[in-house]
Amino acid sequence: MTADTNPSAVLARFAAALNYEQIPEPVLRRTEDLMLDWFGSALAGKGMRPIDTIERFALQMGTAQGPSEILPSRKRSTPLFAAMVNAASSHIAEQDDVHNGSVFHPATVVFPVALAVAQSLGSSGRELLTASVAGYEAGIRIGEFLGRSHYKVFHTTGTAGTIAAAVTAGRLLGLDAEQMLNAIGSAGTTAAGLWEFLRDAADSKQLHTAHAAAAGLTAAYLAKDGFTGARRILEGAQGMAAGMSSDADPARLTDRLMERWATIETSFKFHASCRHTHPAADALLQVMQANGLAPEQIARITARVHQGAIDVLGPVTNPVTVHQGKFSMGTVLGLIAVFGNAGILEFDNSFKDPRVVAVHDKVSMTLDQEVDTAYPARWIGKVTVETVDGKIYHGRVDEPKGDPGNTLSRAELEDKAVRLALFSGAASESEMRRSFDRIWSIAGAERIGSLMT
């Protein structure tokens, strides 16, 4: 395979050449939806200890004055450090979007870079949207390419996300195909993110997105100045797939470019927890509501899941922090059983509520062949609930709330974003409504300004 036709080069040419007029209208409108959803998640991180730590680092290493806004604090810095903080902040509440097939959270690495670089360059709204779509399309395909074996050990948002960030920045910088290939090569060699942090309730998940945004942005700016990167970093003999996957499929990298728009396949998060818990949460809620069950009536809950859920959630047996609780199937189902919701307030106030813990201790996960075979293209939810009086109920959800076929409306997205901002104290409802107006009309913006003022 020549350098001109290898998948990395084809993907780079696509990203460099993509223009606004080529993107279908529904994809552009969906990108606005995804941006607004990300905006709420970014504000939700205000005041959280890991985000404050990363912001202090950013301002120590960079500057408190700059063209790009740090959303939670409303401070400003360079594009690099603003993107770093906003990426970390938008991933901590576990409310940012997810693409099922790639098991990748695009918004948290694409939009921080898109906003920071666009504000620095004075880019238009159309340029921001085009760059964001390029980042989504590239990152999703790379996540799909790396496969299920990759996700078992690596956090795809930290790995594929680094390249998605590079593509986003590169498109705004106007990189040509050769420069974009170099940016992808440099981003890929710095891509990282391991799941081991879950066992220790460590803060690494926010570092994964902060690093991905910063490293990807760096790779693009370096490429603009002539810095070269590996030409086959994805599929090469010592590239990402060789070191990070045993089931990589290079065909996924260029799957129907310009025909299939993966951006529009992206799901919104309804519950404030790891997406692997959502199908079972929706199925349990269905059982509880349909049968009028109270949590005290539950003797046992079996969540029938795919292997990826067991790999990620299985290590969290006794969550000691709110964030770790978001990766506990027992905690999430406990909140659903007790409160009928697993939102940001329920986690913050009640993840150790004795009633929730009581349900947590009755939850187990088991591998379900149908669910596992469908994953990751479809995330089916199945639960079996046994009651103290010996009754057995089964719940099933084929499309969890937030999936493209069961999506959130713009009104629901706005309500979700307002709740997140009010939770953290990052903005008032009236301020959020003004920001929404800016986002809904961003395609017409001649120059990207502040989202918060």
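Brief remarks on what is shown
- Distance cut-off 17 Å, percentage of C-alpha pairs in region 66-116 lying past it: 33 percent
- Inter-centroid distance (Cα atoms) of region 1-41 relative to region 216-275, Å: 11 Å
- Remark: region 424-429, residue by residue, has Karplus-estimated 3J(HN,Hα) of 8, x, 6, 6, 7, 5 Hz, where x stands for each Gly or Pro and the curve is 6.51 cos²θ - 1.76 cosθ + 1.60 at θ = phi - 60°.
- Residues whose placed amide H lies under 5 Å from that of LEU408, excluding near-sequence neighbours: PHE268, GLY402
- With protein chains left intact and a 1.4 Å probe, residues in region 78-216 average 19 Å² of accessible area per residue.
- Calculated on alpha-carbon atoms, Rg and Dmax of the chain in Å: 21.1, 71
- For region 260-322, the Rg and Dmax computed from alpha carbons only, in angstrom: 14.7, 47
- Put the Cα centre of region 84-98 next to the Cα centre of region 108-161 and the gap is 13 Å.
- Here the label points at GLU412 and THR53, each 7 Å from Cα along the C-beta direction, are separated by 3.5 nm in the simple model.
- Accessible surface of the chain, 1.4 Å probe, proportion on carbon and sulfur as whole %: 52 percent
- Sorted largest first, extent of region 16-84 alpha carbons per principal axis (Å): 42, 25, 16
- Point-to-point label distance, GLU386-GLN307, nm (Cα→Cβ direction, 7 Å offset): 2.7 nm
- Residues whose placed amide H lies under 5 Å from that of LEU194, excluding near-sequence neighbours: HIS155
- Within straight-line cross-link reach of LYS382, aspartates and glutamates at Cα separation under 15 Å, skipping those fewer than 8 residues along the same chain: ASP282, ASP368, GLU370, ASP372, ASP398, GLU399
- Average Cα contact separation per residue, region 378-421, under 8 Å, 6 or more apart, as relative contact order %: 29 percent
- Per residue accessible area of region 1-52, 1.4 Å probe, in Å²: 35 Å²
- Summing charges over neighbours of THR453, with a neighbour being any other residue whose Cβ is under 15 Å away from its Cβ, gives +4 when K and R count +1 and D and E count -1.
- Alpha carbon convex hull of region 191-246, volume per residue in cubic angstrom: 79 Å³
- Helical mean residue ellipticity (222 nm; -39500 (n - 2.57) per DSSP H run of 4+; nearest 500) of the chain: -16500 deg cm²/dmol
- A 1.4 Å probe run over region 240-397, with the rest of the protein chains in place, finds 39 Å² accessible per residue.
- For region 41-169, the fraction of C-alpha pairs farther apart than 18 angstrom is 52 percent.
- Selection from SER267, ALA160, TYR375 lying farthest towards where the dipole of the chain points positive, charges on Cβ: ALA160
The values are calculated or read from the model by the stated rules, or taken from the named source; none is laboratory data. This structure is a prediction, so every number in the text was calculated from the model and none was measured. Counting neighbours? That spans all protein chains shown, and the Cβs are built from the backbone with ideal geometry, glycine included. Side chains are part of the model used for accessible areas, which takes the heavy atoms of the whole protein and leaves out ligands, DNA and RNA. Shrake-Rupley method; radii C 1.70, N 1.55, O 1.52, S 1.80 Å.
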